[in-house]
Amino acid sequence: MIVFQQVEKHYGDFHVLKGIDLRIAQGEVVVVVGPSGSGKSTLLRCVNRLEAITSGDLTVGGVDVTDKKTDINKLRREIGMVFQHFNLYPHLKVIDNITLAPVKALGVPKPQAAETARMYLEKVGIADKADAFPSQLSGGQQQRVAIARALAMKPKIMLFDEPTSALDPEMVGEVLDVMKTLAREGMTMVVVTHEMGFAREAADRVVFMNKGQIVEIAPPKEFFEQPKEERARLFLKRVL
Ligand code: ADP
Ligand code: MG
């Protein structure tokens, strides 16, 4: 579904991604961990070309992300992204936040989009908040709206960049629970997070990054119990 081959990325003189090789299968859940500044967000942002790679190959569903002929808007519609900050439209009700893109970008009729939106709100456990404004919701509820909004585009892939890092601790669980459900249902997911419990429970594989490189890739049990690389061991000692 997502294939990185020898991907390099520079920001000017700064070499942020180095020789990235990574194949992510359909339905796989990959959790990306590593120190701050190691290139995790950049790796995610390359997938939907929010950042352009400098060299190497990157394909999503067999489509070359770097090819100028690729319809990047179509590609982006197939990739949902959830960020640390929810970026909901403050002047729109929850339901209108969710229907906006399906109506505008996919041409779904409004009543049908609203019906789908309500279904996803139910799925993320806040069906009763459809007519609220974002400011009336807790952080955890807002992030669940952001997930519902991404799902309403029927993406093939969901990317999460530290989706719980801005939340009060008591709200982290409700967002992770929604993500675990998605993972169980077979969504292809790439998740950057510091929540090692989530990685242990939901990941098929854990990718450990350091200084722009993938240092170790392993199933969670192996990664947490017998990390092979010294840098991974040091990282785990600090975060666990
Ligand atoms: P992480 O998500 O692992 O914390 P990032 O991918 O955000 O890491 O950033 C990796 C490195 O690239 C950091 O040192 C950061 O300062 C740098 N960086 C990120 N975005 C830019 C940018 N737009 N221009 C220049 N440097 C950047
Ligand atoms: Mg980051």
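The values are calculated or read from the model by the stated rules, or taken from the named source; none is laboratory data. Keep in mind that what you see is a predicted model, and the values were worked out from it rather than measured. A quick note on method: Cβ atoms are made from the backbone with ideal geometry, for glycine too, and the neighbour counts reach across all protein chains shown. Just the protein is used for accessible areas: all its heavy atoms, side chains included, with ligands, DNA and RNA removed. Shrake-Rupley method; radii C 1.70, N 1.55, O 1.52, S 1.80 Å.
Within region 116-240, the proportion of C-alpha pairs whose separation exceeds 20 Å stands at 48%.
Of the beta bridges in the chain, as assigned by DSSP with both residues counted there, near 55 percent are antiparallel. Under a model in which nothing but the beta-carbon of Lys, Arg (+1) and Asp, Glu (-1) is charged, region 39-155 shows a dipole of about 100 debye around its Cα centre. Evaluated on the chain, the Kirkwood hydrodynamic radius is 18.5 Å, with distances taken between all distinct Cα atoms.
Can you tell me how region 74-114 classifies by the Cα gyration tensor, rounded, prolate or oblate, using a/c under 1.5 as the rounded cut?
On the way: a/c = 2.67, a/b = 1.11, b/c = 2.41.
In terms of gyration-tensor shape, oblate.
Less than 5 angstrom separates the built amide H of Val65 from those of Leu58, Thr59, Val60, all sequence-distant by 5 or more or on a different chain. Computed 3J(HN,Hα) for region 159-175, one whole-Hz value per residue from the Karplus formula 6.51 cos²θ - 1.76 cosθ + 1.60 where θ = phi - 60°, is 10, 10, 10, 6, x, 10, 5, 9, 9, 4, x, 6, 9, 5, x, 5, 6, glycine and proline marked x.
For a Förster distance of 25 Å, can you work out the FRET efficiency between the beta-carbons of Glu230 and Leu50, rounded to the nearest 0.05? Kindly include the intermediate steps, with their values, before the conclusion.
Numbers: r = 32 Å, r/R0 = 1.29.
So, using R0 = 25 Å, E works out to roughly 0.20.
Over the chain, DSSP H runs of length four or greater, each weighted -39,500 (n - 2.57), average out per residue to a 222 nm ellipticity of -11500 deg cm²/dmol.
Given a cut-off of 24 Å, name the pairs among Lys40/Lys228; Lys40/Lys156; Lys18/Lys228; Lys123/Lys221 whose C-alpha atoms lie farther apart than that in the structure shown.
Values: Lys40/Lys228 20 Å; Lys40/Lys156 21 Å; Lys18/Lys228 20 Å; Lys123/Lys221 29 Å.
Violating the 24 Å limit, Cα to Cα: Lys123/Lys221.
Roll a 1.4 angstrom probe over the protein heavy atoms and tell me the percent of accessible area of the chain that is carbon or sulfur. Here it works out to 49 percent.
If you average the alpha carbon positions of region 176-191 and of region 83-139, how far apart do those two centres end up, in angstrom? Spelled out, the Cα-based centre of one part sits 19 Å from the other.
The residue among Asn210, Gly125, Leu88 whose Cα reaches farthest toward the positive pole of the charge dipole of the chain, with charges on the beta-carbon of Lys, Arg, Asp and Glu, is Leu88. Applying D = kT/(6 pi eta Rh) to region 172-240, where Rh is the Kirkwood radius over alpha-carbon pairs, T corresponds to 37 °C and eta to 0.692 mPa s, the Stokes-Einstein value obtained is 258 µm²/s. In this simple spin-label approximation, Gln112 and Asp131 carry label points 7 Å from Cα along the Cα→Cβ vector, and these lie 2.6 nm apart.
Relative to the longest principal axis of the Cα atoms of the chain, helix 230-239 runs at roughly 40 degrees. Residues in the chain average 48 Å² of solvent-accessible surface per residue, probe 1.4 Å, ligands and nucleic acids excluded. Estimated at the nearest 10 Å², the accessible area of His194 is 90 Å² with a 1.4 Å probe.
How far is helix 94-106 tilted, in degrees, relative to the longest principal axis of the Cα atoms in the chain, given as a value from 0 to 90 rounded to the nearest 10? Here the helix axis deviates by roughly 80 degrees.
Within 10 Å, at most 11 other Cβ atoms, and a DSSP state outside H, G, I, E, B define an exposed site. Report the longest part of the chain free of exposed trypsin sites (Lys or Arg not before Pro). Don't jump to the answer; show the numbers that get you there.
Details: sites that count: Lys68, Lys69.
Result for the longest clean stretch: 70-240.
For a paramagnetic label modelled at 7 Å from the Cα of His91 toward its Cβ, which residues of region 131-162 fall within the zone defined by backbone nitrogen distances under 18 Å? Under 18 Å, as judged by backbone N against the label point of His91, lie 132-136 of region 131-162. Using only side-chain charges placed at the Cβ, +1 for Lys and Arg and -1 for Asp and Glu, the dipole size of the chain relative to its Cα centre rounds to 380 debye.
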